[in-house]
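Written below as structure tokens is the structure these notes are about.
Values quoted throughout were computed directly from the atomic coordinates according to the rules given, and no laboratory measurement underlies them. Note that this is a predicted model, so its numbers are computed, not measured. Methodologically, a virtual Cβ is constructed for each residue, glycine included, from the backbone with ideal geometry; neighbour enumeration extends over all protein chains shown.
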Amino acid sequence: MPKFNENQKRIAVLLLHEPKTAEELREQLNIPYDSLMKELRLMLKLELISKQGFPTKYWLKKEISNAVRKRKMVAEKDSNKIRLRVNIEVQSIEEILLKKQLREIQEMIRKEKDFTIYDIVEAKPLQQDEHYSSYLDVNLSVKDFHALMQLMFLYGPTSIEVIRPEKVELTSG
């Protein structure tokens, strides 16, 4: 799922509950009409929203709104303090082996008791020279620093984005 910029987030939140016209969005968001239309055109191009009818109403695509609702439900039950987004890359000489390894990694991550999984997206395998490569984009939370270290050493993510908290203080002993 693509990342929204700030105006797109505000638009998406309003469209999450019901379809709205551009005028309704402009009034509720208090942004210039031309800026709003630019964002709506971009969101249409990215296939995040749809439009229909007269007057034209915009709404968030069903799969996007379902994903947002699912994440919200997971977040309500999540007591973990550290929220992350990680990428785990995988390479193989055969595409079948690559897909098998990706499935196994997903299963292992989902079974970790100190992780709460929000979403796992598997990228389409690409052939590069004699190898195939892909990655998992994992949105999760971990219970504590120990669980974070476990994630890093067992799964070797190539990138880690800390979503929350903004600041962590560690003490020795």
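Quick notes on this one:
- Set of lysines near Lys57 by C-alpha distance (under 17 Å), chain-local residues within fewer than 8 positions excluded: Lys20, Lys38, Lys45
- Relative contact order (%) - criterion: Cα under 8 Å, at least six apart; region: segment 78-164: 48 percent
- Alpha-carbon centroids, segment 90-144 and segment 1-55: separation in whole Å: 33 Å
- Total formal charge among the other residues, if their Cβ is under 14 angstrom from that of Ser79, Lys/Arg +1 and Asp/Glu -1: +2
- Relative contact order for segment 6-65: 39 percent, from Cα pairs under 8 Å spaced at least 6 residues apart, divided by residue count.
- Across the chain, the mean sequence separation of Cα contacts (distance under 8 Å, 6 or more residues apart), normalised by length, yields a relative contact order of 22 percent.
- Relative to the globular-protein estimate of 2.2 N^0.38 Å, the Cα radius of gyration of segment 109-152 stands at 1.47.
- Kirkwood radius and radius of gyration were both taken over the C-alpha atoms of the chain, and their ratio Rg/Rh is 1.06.
- Projecting the Cα atoms of Leu25, Met73, Met37 onto the charge dipole of the chain, computed from C-beta unit charges around the Cα centre, puts Leu25 farthest toward the positive end.
- For segment 78-164, with +1 on Lys and Arg beta carbons and -1 on Asp and Glu, the positive-most of Ile160, Ser92, Gln128 along the dipole: Ile160
- If you model segment 78-164 as an ellipsoid using its alpha carbon gyration tensor, with each semi-axis the square root of five times an eigenvalue, the axes come out at 25, 12, 10 Å, biggest first.
- Whole-Å semi-axes of the ellipsoid equivalent to segment 6-65 (Cα gyration tensor, √5λ, descending): 15, 12, 11
- For the chain, the dipole from Cβ point charges (+1 on Lys and Arg, -1 on Asp and Glu) about the Cα centre works out to 680 debye, to the nearest 20.
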